[in-house]
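Heads up, the thing below is written out as structure tokens.
No value in this document is a laboratory result; all are computed from the given coordinates. Given the structure is predicted, the values throughout are model-derived calculations rather than measurements. Glycine also receives a Cβ, built like all others from the backbone with ideal geometry; neighbour counts cover every protein chain displayed.
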Amino acid sequence: MKKVFLVLSFLILLVSAQTVFAAFEDTYWGVRALGMGGAFTAVVNDANAPLYNIAGIANCVQKEVTLMGSRLFTGLDGVEISANYLGAVYPIADEWGAVSFAWSSLGTPALARYDTFNLGYARKINDITGIDDYYVNLSAGLNLKYLRQEINFDEEDKDLANSKGVITGDIGILATFENGLRLGFSSKYLTTPDIGYEEKDSVSNMNVLGIGYFSELLPYVNIPTFTADLDIIFIDDEAKFRIGVESYILDDKLGIRLGGREEAFNVGFGYEFTFLNDSILVIDYAFELPFEIEESYGSHFIALSFRFN
Amino acid sequence: MKKRIAGLLSLIVVFIVSVYLYAEPLKVLCAYASFGGSVIVPKITHTAIETVSSIDRILNAKISVDFGDYSDSTATARINYSVDGGSVEQEPPGEGVTIKNNEEFFIQLPDLLESSTDIDYQIVIDFRDEQGTIIKTVTFPSGTESQHAKLTDTVTKDVTASAGSVIEFGSGNQQYDSTKLEIPAGALSNDAQIIIKQLPIEDYISSTEQMAALYQVYSIPDNIEIQSAIKATFYYGLNPTSNNFVLKYKKQDSDDWNTNIPISKTDLQNKTVIANISALGYYGIFEKVKEEDTSYRPKKRVVVKGRDVFRFNGLQQGDSVKIYTTGGKKVREINSGDADGFKWDGKKDNGDYAASGIYVYQIKVKGKLISGTIAFVK
């Protein structure tokens, strides 16, 4: 156990947070994660993992593809922002781990667009660390990322290229304990690449510590298939928090989620349809209500996921 | 013998000339024969335009033509017209517009000048054979007559109180309905002349409503009372772009448009609003418009740090601009500016520069919220 905390502490201290590049924050993608307010770093067991904590893909047991679309801040005339996400996980074998691909995009027509392409790999590392998996399951992974921004400059700024791309990477680690405790850590944009046009504009390193808990039946209140997560995001010498809970009912078919962060409140649900050969189709929806933005009907996110053997 | 041959040749020549000269009548005769004794000649259906609004100054004729026995021919339509006794013009130019049998079509004359007072017009339909030769021409009115229309802003009608009446002010644009009053029997307290007068629209200061048309309804003598509701149809013209209208009333001597009359029907097809009115006075049709907010929005939506700033123009003390990240977090609130308006230079409330990315702005002006997106780039 001490080794796990040592590794996590080292990784947190290793990096210094700066101003995060707003467009590459992960507050827009993964409908299940958004239903939990974006608190997902210690949950990560599906195709949303590549963006939240790459280590999580090592725990995926089925191949999975998820596709998400959204509309942000509906009800505001003149605001047309969409966030889209495509994630895919391919578990190879327990001893070989899993690989993933993910694409996320945030944009406003005729203004700007930000894309991230991720190629990930993760595996369980109990064998490497020598930690007995009877108490804790350890996994770690890394993501190779290509970030691209495309800006629709007007005539006065036409001397600037309209797009720019850089390569960087994430690392992630996940510890799931036998008693239900889950700890996740993800350090993103490790190389703080410069994506600036006029001046150096580094995509800042972003460190997220996730503390989670999973229970088949939450003691005392008997909530079935319960998951909770608290994410602490270290940015600019500040700490931001995200919190979320999830429970599956109706034979673990219907997932209900609640969550939030400083700026917004989230709810969501997802339903799983099982087909032949244990293939599963999942429909997820999440709604986010911003606290500060006025007269918005909120943001809507919907995803279709397919898991198969 | 020679005389006989000469006579025969003469007859042949006469016959050929006659055939050439009377080909058309012969054709009709043949048609007459083949249709068992009745010739169906082309017929123009058009309601004569007698008045054209001197405010709108548009003559748009609604026409349809029954081709009769010329259904196999090609037909074109045009209007020959003369304004204030001037030269005869043609619309559309050339051969005219190709028309179809019994199909309704419109010919609109170019907008008439403000000084115009009278217009004479004639609808001309030409039927052509396969070679393009005109084989038949029909007109409305027939022959060399022309239809006279007067440009006016007024229609007057004597109404007997016990009988009621319908008063119609034709705008001259037959594509849409006319302004009219359907006065039921007993609606007027006495016999009177009822007048509908169209007026130029007023400069009406409102951020949400814009006057589309204005009518005055009055009587001679002027002491007539309305004892039961009159169904009024008001044509609101071509300018409005919204689907949402308000009908307002004001008295003869009032300046305030503060009485709203319930609209029973807005007929977008005919560009009219219909309401029951119970008073003589002024009736204004107002288009509900979205406040023109583009003047407040920053024209430059992408700003590179140090090169420029976002400018929110036309704002005054008491207005505000808030800037949010796409995550919904407020980064800056601006409550004042200079002569150029309110500006955002990309800095957060704490003085540090915000990160590059898309931001949502919300302008609060005159109690209204205007939202949009901008991109700040370093």
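Angle of helix B:23-34 to the longest C-alpha principal axis of chain B, folded into 0 to 90 degrees and rounded to 10: 90°. For the peptides B:54-62, B:183-191, residues were scored by their other Cβ atoms within 10 Å and the scores averaged per peptide; the highest-first order is B:54-62, B:183-191.
Beyond 28 Å in Cα-Cα separation lie the following of the pairs B:K343/B:K368; A:K240/B:K366; B:K62/B:K180: A:K240/B:K366. Put the Cα centre of the range B:158-211 next to the Cα centre of the range A:198-259 and the gap is 68 Å.
Remark: the B:K368-B:K299 segment gains 22.9 nm on full extension, using 0.36 nm per residue and subtracting the alpha carbon distance. When A:D154, B:D177, B:D345 are sorted by how many other C-beta atoms sit within 10 angstrom of their C-beta, beginning with the fewest, the order is A:D154, B:D345, B:D177. Projecting the Cα atoms of A:Y85, A:V221, A:Q62 onto the dipole axis of chain A, where Lys and Arg carry +1 and Asp and Glu carry -1 at the beta carbon, places A:Q62 farthest toward the positive end.
Here B:K265 is the anchor, and the aspartates and glutamates within straight C-alpha reach of less than 17 Å, apart from those fewer than 8 places off in the same chain, are B:D177, B:E182, B:E287.
Computed from the Cβ-Cβ distance with R0 of 41 Å, the FRET efficiency linking B:N350 to A:E95 stands at 0.25. Neighbour counting of Cβ atoms within 10 Å sorts the residues A:W29, A:W96, fewest neighbours leading, into A:W96, A:W29. Ordering B:R301, A:R182 by the number of other Cβ atoms within 10 Å of each residue's own Cβ, fewest first, gives B:R301, A:R182. Helix B:2-21 and the longest principal axis of the Cα set of chain B meet at an angle near 20°.
If R0 equals 35 Å, the separation of the Cβ atoms of A:V65 and A:D194 corresponds to a calculated FRET efficiency of about 0.60.
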